[in-house]
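Okay, structure first, notes after.
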Amino acid sequence: MKAMRWGYSTGTCAAAASKAALIRLLQDRVAASVRVELPDGHLAEIPVTKSWRTEYGAIARVIKDAGDDPDVTNGISILAEVRLLPAAGIVIKGGAGVGTVTKPGLSVPVGEPAINPVPRSMIERALLPLLPPGQGLKVVISAPGGQRLAKKTLNPRLGIEGGISILGTSGLVRPMSEQAYLDSLIPQINQAMALGYRTLVFTPGGMGAQQISKLGAPADAVVQTSNFVGQMLDAALKRKVRRILLFGHIGKLIKVSAGVFQTHSKVADARRETMAAHLALLGARRELIAEVMKANTIDAVIPLIKADQMEMVYQYLAAAASSHCQQRCQDKITVGTAMYALDGSILGYDLTAINLGRRLGLKCK
């Protein structure tokens, strides 16, 4: 099998563009590529698409190459404009297409451009050796088209408005990196905590976020976990979250009822078996259990369960999911669970979910 190609983060591209722009400004030289130092000390050779002089400074463009990772920012232009300043120091600003932080809890203060600390450090390390002693520099990083692309990221939920973030803790993009995706989800917890929430809603995706919003949950208390339920619980425990309402489609959360905390189908799928086991424990007919085991989806068995008046199974499934979550959290976080069907109707919940719903101000019937 062919090895997948790694790429470079927007932070690495910003550092490279900044260095190429400064070379153009100070040396009037067009650099086809520049070397930048990655956070681990290794050097990376980054191609430069273009650099040019302006009335007050210089600009360079680097095209982001995410390698074989399906990164939404792959192919975007990262531009750096540099201007000399009379006083020593490097001032880094955000331009068009780079978002602005509007909510607390992130690694960048409110009101600042969403250029994270590691990329800022990379930019400074790339520029300082080139600057004459006592000379200062203003750097403006922009990303044309970033405002459109940001809608495909978590930035709107995190309160980052107007564009993408300049990111990268390693300077590299690992192809299909689950860790990178998980790292992008955890800041939701940080932000909710910074805004004062100690009772959070964990939901796998956008549909759950929409459904819980309709019930009146504060948007800033809702955290999307994707398939990483277990690792997000671990992150919540580390950050001393007190209470979590696990809210989602039964097709995802029934896996948690079986103690499966990575809910992607490639990892584990015991949905039918879990439903069948709980129905059997409740004394369901053998014929119903057999139908459940033959079903293509969990939603397909909902009418069958209703016809047999076995809806109580959902409460047992919710309680089992909560129990597994609390065990994972060493009983240091109170967890309640609520499950809904594909049409958005609530199927079942445990008593803890009712109490947490009240704390969150949910409008439940």
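Laboratory data are not the source of any read-out in this text; all were calculated from the coordinates shown. Values in this document were obtained by computation on a predicted structure and should not be read as measured data. FYI the Cβ positions are ideal-geometry reconstructions off the backbone, even for glycines, and counts take in every protein chain you see.
A P(r) calculated from all alpha carbon pairs of region 180-360, with 5 Å bins opening at zero, reads 1, 9, 19, 22, 20, 14, 8, 4, 2, 0, 0 percent. Taking a ≥ b ≥ c as the square roots of the Cα gyration tensor eigenvalues, region 1-107 comes out oblate, since a/c reaches at least 1.5 and a/b does not exceed b/c.
Taking the centroid of alpha carbons for each part, region 218-238 and region 293-355 are 18 Å apart.
Using mean Cβ contacts within 10 Å as the protection proxy, how do 8-17, 305-314, 30-39 order, highest first?
Most protected by this proxy first, the peptides run 8-17, 30-39, 305-314.
Remark: region 295-304, residue by residue, has Karplus-estimated 3J(HN,Hα) of 5, 7, 9, 5, 4, 5, 8, 4, x, 5 Hz, where x stands for each Gly or Pro and the curve is 6.51 cos²θ - 1.76 cosθ + 1.60 at θ = phi - 60°.
When Rg and the Kirkwood radius Rh are both evaluated on Cα atoms of region 7-176, their ratio Rg/Rh stands at 0.95. Counting only alpha carbon atoms, the long axis of helix 117-127 and the longest principal axis of the chain meet at about 20°.
Where does the Debye-calculated log10 I(q)/I(0) of region 234-317 sit at q = 0.20 Å⁻¹, using only Cα point scatterers of equal weight, no solvent? Log10 I(q)/I(0), no solvent term: -0.90. In the set (i) 1.10; (ii) 1.14; (iii) 1.00, the label that goes with Rg/Rh (Cα atoms, Kirkwood Rh) computed for this structure is (i).
Rounded, prolate or oblate, given the Cα gyration tensor of region 157-274, with a/c below 1.5 counting as rounded? Spell out each step's value before the answer.
Numbers: a/c = 1.71, a/b = 1.17, b/c = 1.47.
In terms of gyration-tensor shape, oblate.
Calculated mean residue ellipticity, 222 nm, the chain: -10500 deg cm²/dmol, from DSSP H runs (n ≥ 4) at -39500 (n - 2.57) each, averaged per residue and rounded to 500. The phi torsions of region 208-214, fed into the Karplus equation with coefficients 6.51, -1.76 and 1.60 and a -60° offset, translate into couplings of x, 4, 5, 5, 6, 5, 5 Hz, rounded to whole numbers, with Gly and Pro shown as x. Taking the C-alpha atoms only, the angle from helix 229-238 to the longest principal axis of the chain is near 70 degrees. Taking every DSSP beta bridge that has both ends in the chain, the antiparallel portion is near 60%. For the chain, set up a GNM with springs between Cα atoms under 10 Å and report which of 180, 300, 320 has the largest fluctuation. Comparing 180, 300, 320 in a Gaussian network model of the chain, the most mobile one is 300.
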